[in-house]
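As structure tokens, the structure follows; a few thoughts come after it.
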Amino acid sequence: MLKGIAPSILAADFARLGEQVATVLAAGARAIHVDVMDGHFVPPITMGDLVVKAIADQVHEAKAQIDVHLMIERPEGQIKAFAKAGADSITVHAEATPHLHYALQAIKAEGCLSGVALNPGTPVEAISAVEADMVLCMTVNPGWGGQAFLEPSIAKLGRIRELVGETKPIQVDGGIGAETAARCAAAGATVFVAGTAVFGAQNPGEAVKTISSAVGR
Ligand code: DX5
Ligand code: ZN
């Protein structure tokens, strides 16, 4: 089960990606979050399955997981490629496909943990009809790192927790640092994606430890 801090490599120095991943794994991160953007669902284009493949052995040797966040239209067409590259969990956006249930089944069929992500403007009811292994609550609008945490996310987390029950992992993603992570944890979040707060820090390893202790993990 996914839990704790998941550093997002979106904010990492890509010229020394392996080194940066090693630093956060050594600091105790048990998941590496990979943000995939297609230039359609969100304006930027970031990275694809080749990047997952490049870090897969390193992450798995550390007994950690690769958590892929697909911010792409019609994600169902890409699931096999990311699973093959080494993804352990794959999250798709409820807004990105008319076939959300099918997409989640396809993720499970590849042996991965399935996640459903909700944009800030999407009501929590979007997840009520589908079976996902986890829920990702966007706490900024998807597309860019370094944005400010959206406060209404706290109340939304409470509604999600009520809807999915006590045990399902709930991820928060966007504007997460020690302070916002602690408040999200109190509202029901169990997985904390952090890009800028980790890789933008002077010492990314220390940043992982600081956020971890803020959420009591
Ligand atoms: C945003 C991505 C996030 C991003 C978070 O669309 O899904 O994972 O990396 O970045 P920070 O932590 O800088 O808000
Ligand atoms: Zn993300």
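The values are calculated or read from the model by the stated rules, or taken from the named source; none is laboratory data. Quick caveat, the model's predicted, so the values are computed rather than measured. As a convention, Cβ positions derive from the backbone with ideal geometry for all residues, glycine included, and neighbour counts pool all protein chains shown. Just so you know, the surface numbers come from the protein's heavy atoms only, side chains and all, with ligands and any DNA or RNA stripped out. Shrake-Rupley method; radii C 1.70, N 1.55, O 1.52, S 1.80 Å.
On the stretch given as region 161-196, residues that are within 16 Å of ligand 2 (Cβ to nearest atom) and either open to solvent by 40 Å² or more (accessible area, probe 1.4 Å) or among the charged types (D, E, K, R) (or both) total 2.
Checked against the criterion of being within 16 Å of ligand 2 (Cβ to nearest atom), open to solvent by less than 40 Å² (accessible area, probe 1.4 Å) and touching a His at 6+ places or on another chain (Cβ under 8 Å), region 141-160 has at least one qualifying residue.
Quick one: would you say GLY39 is open to solvent by 10 Å² or more (accessible area, probe 1.4 Å), farther than 13 Å from SER89 by Cα and either under 14 Å from the mean Cα position of the chain (by Cα) or without any contact (Cβ under 8 Å) to a residue 40 or more places away in the chain (or both)?
Yes; evaluated as a whole, the condition is true for this residue.
Scanning region 78-94 for residues that are in a loop (DSSP other than H, G, I, E, B) and within 14 Å of ligand 2 (Cβ to nearest atom) returns a single hit, ALA87. Of the residues VAL116, VAL135, VAL172, the single one that is touching a Phe, Trp or Tyr at 6+ places or on another chain (Cβ under 7 Å) and at pLDDT 95 or above is VAL172. Out of curiosity, is VAL59 under 28 Å from CYS184 (Cα atoms) and outside any helix (DSSP H, G or I)? Judged against the criteria, VAL59 is not a match.
Taking region 13-24 as the range and being open to solvent by 20 Å² or more (accessible area, probe 1.4 Å) and either in contact with a strand residue (DSSP E or B) (Cβ under 7 Å, 6 or more places away or on another chain) or not in a loop (DSSP other than H, G, I, E, B) (or both) as the test, the residues that pass are PHE14, ALA15, ARG16, LEU17, GLY18, GLU19, ALA22, THR23. Here is the figure for region 164-189: residues that are β-branched (Val, Ile, Thr) and within 16 Å of ligand 1 (Cβ to nearest atom) total 4.
What residue, among those in region 197-215 that are out of contact with any Gly (no Cβ under 7 Å at 6 or more places or on another chain) and of a type in the set (Gly, Ala, Ser), is most open to solvent (accessible area, probe 1.4 Å)? Reasoning before the result, please.
Of region 197-215, the ones out of contact with any Gly (no Cβ under 7 Å at 6 or more places or on another chain) are 198-207, 210, 213-215.
Narrowing further to those that are of a type in the set (Gly, Ala, Ser): 200-201, 205, 207, 213-214.
Numbers: GLY200: 60, ALA201: 35, GLY205: 8, ALA207: 13, SER213: 84, ALA214: 39 Å².
In this case the residue turns out to be SER213.
For region 5-15, the criterion of being under 16 Å from the mean Cα position of the chain (by Cα), within 18 Å of MET134 (Cα to Cα) and of a type in the set (A, V, I, L, M, F, W, C) is met by at least one residue.
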